[in-house]
Each structure stands twice: as structure tokens, then as C-alpha cells.
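Below is one structure; the comments refer to it alone.
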Amino acid sequence: MDKIELHIENAVSGLKPGAFDSLAPVAQDAFNTLVSGNGAGNDFLGWVKLPTETPHELIADINATAKSLREKCQTVVAVGIGGSYLGAKAVIEALSDSFAAYRHEGCEVLFAGQNIGEDYLYELSDYLKNRQFGIVVISKSGTTTEPAIAFRLLKEQLEKQVGRQEAAQRIVAITDEKKGALRSLANEEGYKTYIIPDNVGGRFSVLTPVGLLPIAVAGFDIEALVCGAARMQHATLNNQGGIALTYAQTRNALYQAGKKIEILVNYNPKLHFFGEWWKQLYGESEGKDHKGIYPAAVDFSTDLHSMGQWIQEGERTIFETVISVLGQQHSVVIPTDDSNLDGLNYIAGKRVDEVNKMAELGTRIAHVDGGVPNIRITVPALREDYLGELIYFFEAACGISGYILGVNPFNQPGVEFYKRNMFALLEKPGYEAETAAIKAKL
Ligand code: PA5
């Protein structure tokens, strides 16, 4: 098997007869709406053909920028939040040595601007004091508060450490072509810039420079990532939605049957942040109009020892989507022990992954028996091209699924509410009325 595959038999078997099949025409309509571009949010469909339309020159240019940053810097800080953070973080974590941070080899990619943690920013700044570092600052709007604060601090520090001229050589800005504070600043300071296309929303932007530059700086093959996504683009668009449509149809059939929460499960700790990326993709796309499957994520077997009880015997409103990575990069065999005090000789000679796979199979059987429908996605290995396939698969399924649900999958109006209150509380100019209103509530 050399591609990702979808297995839904343990998800649809528990549904009432016809519940899955009757959704097929709706799912097909949703797919047609997506590809014809006549649905809600159709000005944000740039991601649909992005993999095949990404010019080789852009990939080459990003690789050249990454090379220059890697040569100059021990650390590159990628500054961004939400869609300007999670895709790069997910792919880098999935492909990296788990202990890369302790090996101090090559150029590391760290992240900032994804929180407003004062200690986080202090400790990052302290760590960077004696390091050669650079910054990739990413914001589509160019006005998001969290990355703006982090960038202001890091830019000031970098300029103090290496001078303003050299700092400008080590800062790359990824933002809108024309508008936003970051665009103005980048133009003024002469930073190298990349454009986030107008028609690609933040959570669909990992295959634009937003994700590609940090991933390339971390030393991974972005051409293979985009090629993998292009494979899935073909498989989706040339097959009436392919497995992306089947996944979207399945999860909506489960939702209509009362399964309101989808838990994305991995059995590989490198996929923790892939779950975070997926949560943003589905949460921001579908959670609106008081509808939408709640996207949750767990890392098994770790979380079988915490959330496992709830999943097995809690309220039956959940279903699981398991990402099962078939091949490992390395082989570790469990040794025989003459004294066998731990009683483990019955698995001596087996690879650790064989045990993991039995944990997965045993859990699947237990959860399905316990009333938790199980969708399974098999991924041949954690490699750039398969991750590209998986990213496009989830993006396409998300667009189709949102249209099945009857929402605009490409906006996020609810995200603005906390910002308005925060600005009012911080007494931002222009928010005087909101400040007065919110103070009246305190
Ligand atoms: O999906 C989205 O559009 C948002 O979550 C954004 O990615 C996030 O708010 C960051 O926005 P920006 O890139 O404009 O700083």
C-alpha cells in the first residue's frame, strides 16, 4: 500500500439501515458545490487546486530562503497563531526526531506568538540571548495581537544582538500582498516577504509559504509534501470526492445519529500536533449557527490511561477517527530476560510497534463493542508525501462536510468576539464604546 486509505466499516455498521446511504446525494451535492465554487465562502477556495498550481519557482525560492536562514541561524523562531502556526508545527513534529531539541544539531525551529504567556516569552528571549537567531513572522491579516506582541519583542532583541541591517536579513515576513501592519513594516524595513493568497484562509494555508517556509527551515522536503497533496487533489477531484467525500459523509451520518463529538486518535506521539491542526481546521470551519461536530483529539496509548475510561463507558455521543501509521522508521525489539521478573517474556522478540498495533486493535474492538463507532485512516509512514496527502484529504473533507452540514466552512466570525472584549478591556483606541459597555458588566 503506497497511499493513505480510509476504512469506515466499523463506523457505519452501527447506524440504522439506510442512514449512511441516504446521505450520499447530499454529500455529492456538497462536493459539486465545492468544486463549482458556487457555495458560501467561495472566495476562499484557493486551496482546492493549490498543490498542482504551486509553481516550482516558489518552492525553489522558499528552499533558498530556508537555506540562507539555516546557514546564518542556530534557531529560527516562527511567529504566528492559529492557521499561521499549527500546520507548520504539525508537520515539523510529525517528521522530526523526538529528541531533536536535545541534540543541538543544525538549525532548530521554535514557535512564538501562539500564546500570550509572559514567562514563555521571557524564557524564549533568555534562551535566544546567546544564540544566532532569525525570525519568520506569519500573519495573514497582519494585525493579530498575539504574534504582533511576540514579533515586537523578538525584533527588538534581534536588532540589539546583530544590528538593524543584519536583523533585516534574518527576518522573513509572510503576509497579505498589500494590506495590514505587517505588510507595511516589511516594506519599510526591506524584509524578504512571501504572500498568503487572498483566497486561502488561515486554517487552509499550510501548503502556502505559511507552512512551507518553516517546514523547509526545519530541513524537510516541501516539494514531496506538495507532491503528496497533489496526488490527493487528483484522487479527490477526479473521483467525485473520493475518500474525502466518504469521510465527510460518514461523520455527518454519525452526527445525525447523535454522535456530536469526534475524537481524532493517534498511536504515534509525533502526531500530537497534527491533532491540534485538525481541531482548528474542523472546529473553525464547522462550529457555527449552533451546529457542528465538536473536534477533540487524544494520543494513545498515553491517553488510554486517562481518557480511556470516558471513551469506553462515558456518554455515547462520541465517535473516533484513528490515524494509524503502518510503518515505523526504526526497529526496536523487546529483549528476552532470563529472570523474567516483569513477566514480559511472552512478547520478547516482538517489535515495539507490534505491541502498539495490538493495543490499537484491542482498543478498536473494545470501543466499537462499547458503542463508539470507529473510522480508520491508514498512513503508510510518517513521510512528507503521505503527510501532504493527509493534509489535502482533511481539507477537502472539511469543505465537503461543512456544506453537508449547511454552514459556510470558510469563515470564522465567532473568533472576533474575544478580540473585541480584549481590546475593550485594554482600552484600545477606537473601542471606547465597547470599553464603557464591558466595564458596566464588571
Ligand atoms: O483560520 C483562521 O483564519 C484563523 O484562525 C487565523 O489563522 C488566525 O487567527 C491567525 O490569523 P492571522 O494569520 O491573520 O494572524
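Here are a few things to note about the model shown:
- Hits in segment 295-353 - residues which are among the hydrophobic types (A, V, I, L, M, F, W, C), farther than 20 Å from residue 380 by Cα and in contact with a strand residue (DSSP E or B) (Cβ under 9 Å, 6 or more places away or on another chain): 296, 297, 298, 304, 307, 310, 311, 318, 319, 333, 334, 348
- Yes/no for residue 247 being in a helix (DSSP H, G or I), crowded, with 18+ Cβ neighbours inside 10 Å, among the aromatic types (Phe, Trp, Tyr) and in contact with a helix residue (DSSP H, G or I) (Cβ under 6 Å, 6 or more places away or on another chain): yes
- Yes/no for residue 159 being among the acidic types (Asp, Glu), more than 12 Å from the ligand (Cβ to nearest atom) and on the phi < 0 side of the Ramachandran plot: yes
Okay, residues lined up against (1) assigned to a loop (DSSP other than H, G, I, E, B); (2) more than 16 Å from the ligand (Cβ to nearest atom):
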{"residue": "166", "(1), (2)": "no, yes"}
{"residue": "186", "(1), (2)": "no, no"}
{"residue": "193", "(1), (2)": "no, no"}
{"residue": "197", "(1), (2)": "yes, no"}
{"residue": "203", "(1), (2)": "no, no"}
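- For segment 328-358, the tally of residues that are open to solvent by less than 40 Å² (accessible area, probe 1.4 Å) and within 22 Å of residue 13 (Cβ to Cβ) stands at 0.
- Considering (1) of a type outside the set (Gly, Ala, Ser); (2) at pLDDT below 95; (3) open to solvent by 60 Å² or more (accessible area, probe 1.4 Å), the lone condition that residue 419 does not fulfil carries the number (3).
- Number of the exception - residue 376 against (1) touching a helix residue (DSSP H, G or I) at 6+ places or on another chain (Cβ under 8 Å); (2) in contact (Cβ under 8 Å) with a residue 60 or more places away in the chain; (3) in a helix (DSSP H, G or I); (4) of a type outside the set (Val, Ile, Thr): (3)
The values are calculated or read from the model by the stated rules, or taken from the named source; none is laboratory data. Since this is a predicted model, take the numbers as computed values, not measurements. All Cβ positions, glycine included, derive from the backbone under ideal geometry; neighbour counts span all protein chains shown. The protein model used for the area step is the full one, side chains on, heavy atoms only, and it has no ligands, DNA or RNA in it. Shrake-Rupley method; radii C 1.70, N 1.55, O 1.52, S 1.80 Å.
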